[in-house]
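Working notes, beginning with the structure itself.
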């Protein structure tokens, strides 16, 4: 694993230094902090482009793996929300951060198994902090045939599950059960994203936040930025309706969504389905070579 940040500009080094100090102050059980992904490899992007009069902005996040001593420290949500709030503070132009958390026994178990997501992090990642109390297992290479088998299984399981949720959405929609239809459409969206991320990376983030999943998907294929456009207030409002449906459509009396709103969102999810199928099948073909 690398240790140098010499390839990063000063402002990004300062942001990572701030982030590290906040993590250590908030979660003292932290054993390792590792930068991975595009900022570790040196191929991050900070780009905008215009297509059909719409401006699309694509900026790489900091991908951070935090390894804790115990499972409880990794799983508890509130400290990690505090970390993000403290990191951004009043500054909205900081590099966005995506933190994943796992405990040391889990990570070392995955490395022993040859799990390619964690193996790639150990190979390409940059160590930002090491408590010195634990060692990471040696990377084990996974057999290419097994890698292909896992990708195919993940695609079949998660893509088919997403399609089933979409079919259930259509039934609820046709029967004017709009609140439950919104929840089912959210689940289809989450699972379509999950299928693609799993096939490409071998890792499924522990989140139901479809905005987060969309950002992760766009790191691999920028085309995913176009699935849910958010350039207008109305586009943002409609996406928020779908995003909130995971909780609000089931548990909040005042959640409401119209037939027209669901129709618009369903068309976006159909585009997501088609793009996920295309990208997953392309990835699987590359694994066959």
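Things worth noting here:
- Strands (runs of 3 or more DSSP E) wholly inside the range 1-71 containing at least 1 residues that are touching a helix residue (DSSP H, G or I) at 6+ places or on another chain (Cβ under 6 Å), within 21 Å of residue 116 (Cα to Cα) and modelled with pLDDT of 95 or more: 30-36, 62-68
- Restricted to the range 75-94, and to residues there that are within 17 Å of residue 11 (Cα to Cα) and surrounded by fewer than 10 Cβ atoms within 10 Å (Cβ to Cβ), the residue that is modelled with the lowest pLDDT is 90.
- Within the range 73-105, the residues that satisfy the criterion of being within 19 Å of the chain's Cα centre (by Cα) and farther than 19 Å from residue 16 by Cα are 74, 75, 76, 77, 78, 102, 103.
- Residues in the range 132-176 that are in contact with a strand residue (DSSP E or B) (Cβ under 9 Å, 6 or more places away or on another chain) and either modelled with pLDDT under 90 or within 28 Å of residue 43 (Cα to Cα) (or both): 136 only.
- Residue check for residue 257: buried (at least 19 other Cβ atoms within 10 Å of the Cβ), assigned to a loop (DSSP other than H, G, I, E, B) and on the phi < 0 side of the Ramachandran plot: yes
- Boolean, residue 128 is in contact (Cβ under 8 Å) with a residue 40 or more places away in the chain and over 18 Å from the mean Cα position of the chain (by Cα): yes
- Residue in the range 193-200 that is part of a helix (DSSP H, G or I) and over 15 Å from the mean Cα position of the chain (by Cα) present: no
- Subset of the range 113-125 (residues that are surrounded by fewer than 16 Cβ atoms within 10 Å (Cβ to Cβ) and either within 18 Å of the chain's Cα centre (by Cα) or free of Cβ contacts under 8 Å to residues at least 40 places away in the same chain (or both)): 113, 114
- Residue 239 being over 23 Å from residue 101 (Cα atoms) and at pLDDT 95 or above: yes
- Residue among 204, 231, 176, 240 that is closer than 19 Å to residue 281 by Cβ, assigned by TED's automatic domain parsing to the domain that holds residue 149 and either without any contact (Cβ under 8 Å) to a residue 12 or more places away in the chain or assigned to a loop (DSSP other than H, G, I, E, B) (or both): 204
- Matching entry among 229, 222, 205 (being under 18 Å from residue 278 (Cα atoms) and in contact with a strand residue (DSSP E or B) (Cβ under 9 Å, 6 or more places away or on another chain)): 222
The values are calculated or read from the model by the stated rules, or taken from the named source; none is laboratory data. This is a predicted model, so every value here is computed, not measured. A quick note on method: Cβ atoms are made from the backbone with ideal geometry, for glycine too, and the neighbour counts reach across all protein chains shown.
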